[in-house]
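> This is the structure I have questions about; it appears just below.
None of the figures in this text is laboratory data; all of them are computed from the coordinates on show. Source: prediction; values computed, not measured. Here the Cβ is made from the backbone with ideal geometry for all residues, glycine too, and neighbour counts use every protein chain on show.
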Amino acid sequence: MKKPFSLLAAMLITLTSISGVASAETTTNQISTDQTQTTFINNVTESTELKQFIGQNNVVGWEVTKLSPEEFYKRYAEITGTSVEQAKNIHTSKQGVSPLNLNQTYDAQYVAVIDLGGGVRVKAGVLVQIQEVQFGGSLGRIFLKVYDNTGYVAPYSGSFTVVKNFVQGTLQSSSKLQVSYSGYAETAVVNGTSNQLNLSAGELVNLGWSASTSTQTTTYYRKHFDGTGYVSP
């Protein structure tokens with residue numbers, strides 16, 4: 001009678017051991033999956049870390065610029081086509097440190113860098129308001145608002161043309177900004193080459209560009225782009 005009991009006990013121990021290994025492997029896989037869903041990139045202007053979420057359309061990075069009140073007025077006027085005085089009238093952020101010295105509210109420009117291939121990049125940006133807050137014993141940041149009508153597109157570098165269909169910034173939460181964008185880039189091709197992009201007409205076509213209009217000496221090539229990017233403060 002002892003042998004069957006010993007055999008049963010051994011079987012139970014073996015099953016428990018196998019179950020424990022499977023559970024550990026599952027946990028390891030879950031951790032690995034979670035780690036691949038978030039990457040970290042450096043804030044170009046402040047050397048702090050930004051969190052960039054997956055599922056983005058050709059967004060290869062983010063640039064963030066903290067703006068003083070004067071810089072905000074100028075940038076808002078440039079983007080919206082209004083005057084600096086009008087920018088001051090809509091500006092509702094309270095710059096500086098609160099009386100309790102617990103937080104600071106300031107404005108910033110968030111820019112998604114979009115890769116079109118062949119070394120060509122464009123950017124889509126919005127103006128936002130940020131507040132520093134206390135999380136336990138550490139200082140963090142949250143989004144307060146996205147300023148209306150401040151979405152824009154531009155070449156990331158170079159002098160080719162970029163045209164905006166729309167750029168919309170939306171707060172998914174106080175810790176997640178969504179920037180949706182649509183537009184097209186255009187370059188002039190003369191004698192079979194775009195001097196602006198240093199690419200031939202054949203290379204442009206292979207990268208998804210197509211001829212739009214032409215004159216006797218120049219053909220203009222366009223590439224449309226659209227997508228959505230997400231970033232934390």
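> Over segment 107-233, what is the mean sequence separation of C-alpha contacts under 8 Å (at least six apart), divided by residue count, expressed as relative contact order in percent?
Rounded, it is 21 percent for segment 107-233.
> For K145 and Q216, FRET efficiency with R0 = 41 Å and r from the beta-carbon atoms, rounded to 0.05?
So the FRET efficiency works out to roughly 0.25.
> Return the distance in nm (one decimal) between the two label points of a simple spin-label model at N206 and S138, each offset 7 Å from Cα along Cα→Cβ.
4.6 nm
> For the ranges 219-230, 113-124, what's the packing order if you count other beta-carbon atoms within 10 Å of each residue, average per peptide, and put the highest first?
Per-residue Cβ counts within 10 Å, averaged per peptide and sorted highest first, yield 113-124, 219-230.
> Can you give the extra length, in nm with one decimal, that the chain gains between H224 and N198 once fully stretched, where that is 0.36 nm per residue apart less the Cα-Cα distance?
Result: 7.5 nm gained on full extension.
> In a shell of Cβ-Cβ distance under 10 Å around L67, excluding L67 itself, what net charge do Lys and Arg (+1) and Asp and Glu (-1) give?
0
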